[in-house]
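Take a look at the structure below.
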Protein chains: 2
Amino acid sequence: MLSTMTTDSATGRDRSASTRERLLDAAVEAFATSGFAGTTTRDIASRAGMSPAAVYVHHATKEDLLFEISRRGHRSAVQIIEKASQSSPDPVEQVRNMVAEFSRWHAVNSRVGRIVQYEFDALTPEHRAEIAEYRRAIEALMRDALEAGVEAGTMTVSDAKGTALALLSLSIDLVRWYHPSGATTPDEIASLHGDLALRMVGAAA
Amino acid sequence: MLSTMTTDSATGRDRSASTRERLLDAAVEAFATSGFAGTTTRDIASRAGMSPAAVYVHHATKEDLLFEISRRGHRSAVQIIEKASQSSPDPVEQVRNMVAEFSRWHAVNSRVGRIVQYEFDALTPEHRAEIAEYRRAIEALMRDALEAGVEAGTMTVSDAKGTALALLSLSIDLVRWYHPSGATTPDEIASLHGDLALRMVGAAA
DNA sequence: GTCTATATGGGGATAGAC
DNA sequence: GTCTATCCCCATATAGAC
């Protein structure tokens with residue numbers, strides 16, 4: 001079927017549920033709810049409506065499930081930041097868009113976001129090394145925009161590295177408390193955080 | 001001995017290591033490193049130089065250890081925020097101090113901070129209810145300062161609730177990546193975050 | 001208050017039938 | 001590719017000696 005080829009832009013996941021993908025979805029729910037160490041493979045299997053043994057036909061280990069989720073999540077996040085960094089020739093607008101869209105991504109994908117941000121230490125050293133690359137790329141893109149803005153004279157930033165981390169903190173920490181059923185929408189968070197970012201870099205209207 | 005009465009201001013913990021306190025210190029290290037679910041009582045016992053059974057002479061369950069750590073940590077954090085909120089009659093200075101000192105607290109106590117911020121869901125419902133009160137108090141103090149500043153006309157804040165959460169995110173998220181052995185000092189983080197907070201509320205110099 | 005030993009249950013992962 | 005059954009290890013917590 002052609003429909004099995006469509007993929008979700010935020011997660012890179014097949015929308016039609018092959019067994020492998022259904023297990024990944026179940027693992028996302030389980031890891032986001034109970035954490036990696038607090039999740040049993042029996043829990044994942046039962047969320048996917050399968051027996052415990054079926055998990056291992058599609059994924060070698062529990063940690064492989066985590067790595068696949070973390071890798072897709074990080075790749076999606078890098079794409080969001082890259083696109084925002086290319087959205088305007090103006091570094092000020094780049095920073096606004098990066099923070100707004102990165103915040104929106106964490107709100108819309110808050111369950112994957114929790115896993116991406118909080119389960120880094122649960123990966124094997126080899127897997128952690130690959131994920132660390134994605135994180136360095138994200139930090140570098142933010143720092144580059146700040147340095148370009150300072151160079152252009154449209155921002156006032158005394159500590160580009162520290163300010164880049166602060167802007168990322170603003171965009172990330174919401175996964176700690178955000179719930180889709182709450183009153184705040186991803187649009188509202190994106191707009192507020194984008195405005196706060198402009199102020200933080202000394203470029204507010 | 002008199003020295004057994006001295007307590008650490010940040011954690012409320014006895015500095016001279018009674019067995020009960022040594023176990024709490026060991027649990028902080030273990031929970032901060034491996035998470036609550038990823039920590040075994042054997043790990044805690046061995047870090048404290050004791051047998052697994054000795055843990056239960058001093059603490060009823062593993063979750064009781066987590067609750068005691070979380071309660072002390074939250075109470076310490078509330079005190080820091082309260083003191084900063086009373087440090088000046090000027091709401092602008094209050095906000096600067098609250099963000100600077102709350103950020104400093106998370107840097108200095110980054111291991112306890114991780115547990116405080118990330119292991120809330122591992123508490124029993126009863127314990128979670130008590131901890132939730134401390135969190136509400138912290139958010140209310142920040143929101144009150146923002147509303148006072150808007151009232152006084154010295155801040156420009158369109159969304160006090162969302163901005164309060166953003167200021168707390170800035171102060172908290174650093175526990176995700178901060179390491180005492182890194183290049184950045186708690187003083188530097190406090191200073192930078194305090195300055196960023198002024199800009200975020202539209203009160204920068 | 002500490003230990004060794006253990007009760008009791010659950011966890012990741014595999015074997016082998018269908 | 002799914003199941004049932006199970007291996008083997010480890011977890012929390014307790015029993016009882018010292």
Q. Given 0.36 nm per residue, what is the gain on full extension from B:Arg42 to B:Thr124 after removing their alpha carbon distance, in nm?
A. 27.4 nm
Q: Would you calculate the separation in nanometres between label points at A:Asp159 and B:Glu82, each defined as 7 Å from the Cα along the Cα-to-beta-carbon direction?
A: 2.9 nm
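With r as the distance between the Cβ atoms of A:Ser34 and B:His179 and R0 = 30 Å, compute the FRET efficiency 1/(1 + (r/R0)^6) and round to 0.05. Walk me through the intermediate numbers first.
Details: r = 27 Å, r/R0 = 0.89.
Once the sixth-power term is evaluated, E becomes 0.70.
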Q: Work out how much length A:Ala204 to A:Ala60 would gain on full extension: take 0.36 nm times their residue separation and subtract the Cα-Cα distance, in nm to one decimal.
A: 46.8 nm
Q.
Please give the Cα centre distance for region B:78-105 versus region B:18-47, rounded to the nearest Å.
A. 31 Å
Q.
Ignoring ligands, DNA and RNA, please state the percent of accessible area on region A:14-117 from carbon and sulfur, probe 1.4 Å.
A. 48 percent
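Counting every Cα pair in the protein assembly as shown, what percent are over 29 Å apart?
So the pairs more than 29 Å apart make up 48 percent of the total in the protein assembly as shown.
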Q | For B:Glu126, label point 7 Å along C-beta direction: distances to other copies, nm | A | 4.7
Q) What helices does chain B hold that run 20 Å or longer along their axis, going by alpha-carbon atoms, with a Kyte-Doolittle average of 1.0 or more, using DSSP H for the helix calls? A) none
(Q) Under 19 Å between alpha carbons, and skipping anything fewer than 8 positions from B:Lys62 in its own chain: which aspartates and glutamates qualify? (A) B:Glu21, B:Asp25, B:Glu29, B:Asp43, B:Glu119, B:Asp121, B:Glu126, B:Glu130
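Please report the equivalent ellipsoid semi-axes of region A:75-166, computed as sqrt(5 x eigenvalue) of the Cα gyration tensor, largest first, in whole Å.
Numbers: eigenvalues 132, 44, 23 Å².
So the three semi-axes of region A:75-166 are 26, 15, 11 Å.
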Q. Given a cut-off of 12 Å, what percent of all Cα-Cα pairs of region A:12-58 lie beyond it?
A. 56 percent
Q) Put the label 7 Å from Cα along Cα→Cβ for A:Arg42; what are its distances to the other copies, in nanometres, shortest first? A) 2.0
Q. For chain A, what are the per-bin percents of Cα-Cα distances with bins 5 Å wide, up to the bin holding the maximum?
A. 1, 7, 15, 17, 17, 14, 11, 7, 5, 3, 1, 0, 0
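Let me confirm one metric for peptide B:175-182, namely the mean number of other chain beta-carbon atoms within 10 Å of its residues' beta-carbons.
Details: counts 1, 9, 7, 1, 0, 0, 0, 0.
Across B:175-182, the average partner-chain Cβ count within 10 Å equals 2.
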Q | lysines with Cα under 27 Å of A:Lys83, excluding same-chain neighbours fewer than 8 positions away | A | A:Lys161
Q. How far is B:Thr19 from the same spot in each other copy, in nm, shortest first, if each label point sits 7 Å from Cα toward Cβ?
A. 5.3
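The values are calculated or read from the model by the stated rules, or taken from the named source; none is laboratory data. Note that this is a predicted model, so its numbers are computed, not measured. Neighbour counts run over all protein chains shown; Cβ positions are idealised from the backbone, glycine included. The area values use the complete protein model at the heavy-atom level, side chains included, leaving out ligands, DNA and RNA. Shrake-Rupley method; radii C 1.70, N 1.55, O 1.52, S 1.80 Å.
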